[in-house]
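See structure below.
The values are calculated or read from the model by the stated rules, or taken from the named source; none is laboratory data. Computed from a prediction, not measured in an experiment: that's the story for all the values here. Counting neighbours? That spans all protein chains shown, and the Cβs are built from the backbone with ideal geometry, glycine included.
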Amino acid sequence: MLHFDPQTRTLDLDPRNPAFFQDPYPVYEQIRAQSPVFYWQQYGFWCFMNHEDVSALLRDRRFGRQITHIASKAELGMAEVPEHVRPFYEVDDRALLQLEPPAHTRLRLLINRAFVSRQVERLRPRVARLAHELIDAFPRHEVDLLTAFATPLPATIIAEFMGVPREAVPDLLNWSHRMVAMYQFGRTRDVEDAAVKATLDFSEFLRRLLAQKRKHPGDDLIQVLTTAAPDGEKLTEDELIGTCILLLNAGHEASVHALCNGLNAALGAGLDPAQLCTDAASAEAFVEETLRYDAPLHLFDRYVLEDLEFQGIRLKKGDKIGLMLGAANRDPARFVQADRFNPLRTPNPHVSFGAGIHFCIGAPLALLEMQVAFKILFERHPKLRLSKQPVYRNSYHFHGLEALHLAL
Ligand code: HEM
């Protein structure tokens with residue numbers, strides 16, 4: 001499946017190879033045994049998979065999501081964004097995740113007002129009510145957890161939290177899936193055209209919603225974002241739209257798969273749902289372990305912001321590097337019995353939410369949703385088990401299942 005050249009430390013592995021994306025972990029160990037720092041030919045950049053390196057790189061300000069201090073990409077011999085995908089990048093490049101300080105600091109402070117744990121904690125009863133409502137609607141004997149529970153739960157919560165009507169959730173899911181397909185390896189022109197159309201439709205929807213909210217202000221996150229911070233700072237309309245799209249997309253894409261991957265891992269390890277998440281502390285530890293053991297996001301990249309050397313590799317300004325979160329979470333140098341699912345593992349310094357200035361702003365919300373959802377699911381269906389062997393989708397770095405069929 002893979003070829004590794006030890007001389008140049010080059011990995012030849014197509015991330016669309018089913019044997020790889022169905023179970024990347026044994027492959028990670030094979031690569032780690034050769035060299036945990038390697039050049040991945042298909043992506044065209046150096047990758048790092050050890051926990052120590054990934055943690056350090058996420059925090060190292062000589063690497064960033066955007067190449068700062070250049071007039072144009074051409075200066076570094078990089079291609080400009082092609083015209084036909086420009087509308088997508090006009091929104092994407094303005095989003096928090098793609099910015100670096102000082103623009104990042106300003107935007108993150110404005111958004112953070114709404115995402116602090118104390119605000120998010122207020123959602124706990126709503127998440128519980130919704131979890132019960134979705135479980136009430138399960139068929140009698142068997143259910144696909146992905147469609148009946150894991151998708152609508154975080155998508156509805158983030159929509160309501162932001163102040164987007166619940167009826168819009170199917171559209172949000174549709175736009176989001178098309179937009180995140182842009183980050184996949186080997187995307188086609190059809191994928192690009194669909195993402196551009198989704199970006200334009202999503203932006204138009206939000207523009208209309210913002211106009212309505214100006215007339216009839218509500219008590220929601222969009223309202224918080226439209227209001228100036230104490231120092232008078234305010235988002236422009238374009239920033240507001242980019243931010244809303246990022247929050248609405250990021251607010252469910254990873255959580256959906258974190259829930260399904262996590263349950264699949266626990267049941268696959270032979271654990272008894274009746275014994276899991278029985279109190280707050282065990283629910284917290286269980287959720288962290290699901291995120292470590294089978295993270296929904298496996299690969300993030302960074303630009304090199306100045307010429308430098310890291311782990312003996314010379315990197316030039318404008319180069320990209322790959323940070324392998326899923327592999328770092330299984331590093332035997334950091335985790336005892338890294339390949340074992342241990343529902344009570346503490347401490348659990350996984351990197352599934354990243355680290356440093358881009359650390360997931362939605363982590364408190366994702367953790368709360370997962371703790372509440374698993375606890376209620378296990379209480380209501382203590383005998384649930386897998387009824388079909390699940391398969392992963394062909395989208396390596398968005399590591400998630402096609403479906404999760406359970407017998408109740
Ligand atoms: C289990 C679920 C989730 C996982 C595994 C996850 C993972 C991540 C990771 C790894 C990053 C950092 C990316 C990087 O450093 O390049 C990130 C950033 C981010 N996440 Fe999440 N996320 C989850 C849920 C959420 C939710 C629920 C929201 C919002 C409501 C959210 C919003 C964001 C935003 C806005 C950023 C960018 C932060 C910044 O650049 O400062 N995420 N997430």
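Working carefully through the options Ala194, Ala198, find the one that is of a type in the set (Gly, Ala, Ser), in contact (Cβ under 8 Å) with a residue 24 or more places away in the chain and either surrounded by fewer than 17 Cβ atoms within 10 Å (Cβ to Cβ) or farther than 26 Å from Ala131 by Cβ (or both).
Of the residues listed, the single one that is of a type in the set (Gly, Ala, Ser), in contact (Cβ under 8 Å) with a residue 24 or more places away in the chain and either surrounded by fewer than 17 Cβ atoms within 10 Å (Cβ to Cβ) or farther than 26 Å from Ala131 by Cβ (or both) is Ala198.
Which residues, taken from region 277-294, are surrounded by 24 or more Cβ atoms within 10 Å (Cβ to Cβ) and over 20 Å from the mean Cα position of the chain (by Cα)?
Correct list: Cys277 only.
Restricting attention to region 7-50, report how many residues are part of a helix (DSSP H, G or I) and without any contact (Cβ under 8 Å) to a residue 12 or more places away in the chain.
2
Using beta carbons and a limit of 7 Å, which pairs, at least six apart or on different chains, have the first residue in region 110-128 and among the hydrophobic types (A, V, I, L, M, F, W, C) and the second one part of a loop (DSSP other than H, G, I, E, B) and surrounded by 12 or more Cβ atoms within 10 Å (Cβ to Cβ)?
Sorted first by the residue in region 110-128, then by its partner, the pairs are Leu110/Ala229; Leu110/Leu235; Ile111/Ile361; Phe115/Ile361; Phe115/Gly362.
Quick grid of which residues meet (1) within 16 Å of the ligand (Cβ to nearest atom); (2) closer than 30 Å to Phe63 by Cα:
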position	(1), (2)
Asn342	no, no
Val351	yes, yes
Gly354	yes, yes
Cys360	yes, yes
Ala363	yes, yes
Ala366	yes, yes
Phe374	yes, no
His381	no, no
Arg385	no, no
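Would you check which residues across region 249-283 are more than 14 Å from the ligand (Cβ to nearest atom) and acidic (Asp, Glu) and list them?
Correct list: Asp272, Asp279.
Give region 62-86 a look and list any residue that's within 16 Å of the ligand (Cβ to nearest atom), modelled with pLDDT of 75 or more and of a type outside the set (Phe, Trp, Tyr), or say none.
Arg62, Gly64, Arg65, Gln66, Ile67
How do the helices (runs of 4 or more DSSP H) wholly within region 121-221 filter down when requiring 1 or more residues that are more than 23 Å from the chain's Cα centre (by Cα) and more than 24 Å from Gly242 (Cα to Cα): which remain?
By residue number, 124-136.
Which residue out of Leu146, Leu153, Leu123, Leu110 is in contact with a strand residue (DSSP E or B) (Cβ under 8 Å, 6 or more places away or on another chain) and within 28 Å of His358 (Cα to Cα)?
Being in contact with a strand residue (DSSP E or B) (Cβ under 8 Å, 6 or more places away or on another chain) and within 28 Å of His358 (Cα to Cα) holds for just one of Leu146, Leu153, Leu123, Leu110, which is Leu146.
Among the listed residues Met182, Met162, which satisfies the condition of being among the hydrophobic types (A, V, I, L, M, F, W, C), surrounded by fewer than 19 Cβ atoms within 10 Å (Cβ to Cβ) and within 16 Å of the ligand (Cβ to nearest atom)?
Within the list Met182, Met162, the selection yields Met182.
Could you give every pair whose Cβ atoms fall below 9 Å, whose first residue belongs to region 244-266 and is acidic (Asp, Glu), and whose second residue is more than 8 Å from the ligand (Cβ to nearest atom) and at pLDDT 95 or above, counting only separations of at least 6 or pairs across chains?
Glu253/Gly400
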